[in-house]
Amino acid sequence: MEEFFVVGAFRRKGVGLGAARRLIARFPGAWQITQRETNRAAIAFWHRVLDGYVIYEETMTATDALRREQRFNFP
């Protein structure tokens, strides 16, 4: 998956969280999710999705821009 986007009218209503978790559950295995460090909303969203759902490792990477990355295996 290259991008994950929730239309504004559906944000903060649990739609994105539910969709993201269903997507992860549908494709078990190794996952890597990355956000730009400047995109605080995306970082907060993925923390809400992952916290309490999977055990993940979070690192910072420096490529073309500083990025935050979560890696985990599901289930």
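Could you give each residue of the range 11-17 its phi-based ³J(HN,Hα) in whole Hz, using Karplus coefficients 6.51, -1.76, 1.60 with θ = phi - 60°, and x for Gly or Pro?
6, 6, 10, x, 5, x, 4
Modelling each spin label as a point 7 Å along the Cα-to-Cβ direction, I'd like the residue 48/residue 71 distance in nm, to one decimal.
Placing both labels 7 Å beyond Cα along the Cβ direction yields 2.7 nm.
For the chain, run through the trypsin sites (Lys or Arg not before Pro) and keep only the ones in DSSP coil with at most 10 other Cβ atoms within 10 Å of their Cβ.
Sparse-neighbourhood loop trypsin sites (Lys or Arg not before Pro): 12, 13.
Spin-label point model (7 Å from Cα, Cβ direction): what's the residue 59 to residue 23 distance in nm?
2.3
Taking loop as defined by DSSP and a crowding limit of 15 other beta carbons within 10 Å, which chymotrypsin sites (Phe, Trp or Tyr not before Pro) in the range 1-46 fit? Working shown, then result.
Numbers: sites: 4, 5, 10, 31, 45, 46; in loops: 4, 5.
When the chymotrypsin sites (Phe, Trp or Tyr not before Pro) of the range 1-46 are filtered for loop state and at most 15 Cβ neighbours within 10 Å, 4, 5 remain.
Determine the dipole magnitude for the range 29-75: charges of +1 sit on the beta-carbon of Lys and Arg, -1 on that of Asp and Glu, nothing else is charged, the reference point is the Cα centre, and the result goes in debye to the nearest 20.
Details: 6 positive and 6 negative charges, 27 e Å.
For the range 29-75, the charge dipole is close to 120 debye.
Can you give the calculated 222 nm mean residue ellipticity of the chain, where each DSSP H run of n ≥ 4 adds -39,500 (n - 2.57) and the sum is split over every residue, rounded to the nearest 500 deg cm²/dmol?
-9500 deg cm²/dmol
Sort 2, 69, 57 so that the residue with the fewest other Cβ atoms within 10 Å of its own Cβ comes first and the one with the most comes last. Intermediate results must be reported in sequence, preceding the final value.
Numbers: 2 3, 69 15, 57 8.
Taking fewest neighbouring Cβ atoms as first place, the list is 2, 57, 69.
Taken together, the values in this text are just the output of simple stated rules run on the coordinates, not laboratory data. Please read these numbers as outputs of a predicted model, since none were measured by experiment. We place every Cβ from the backbone using ideal geometry, glycine too, and count neighbours over all the protein chains shown.
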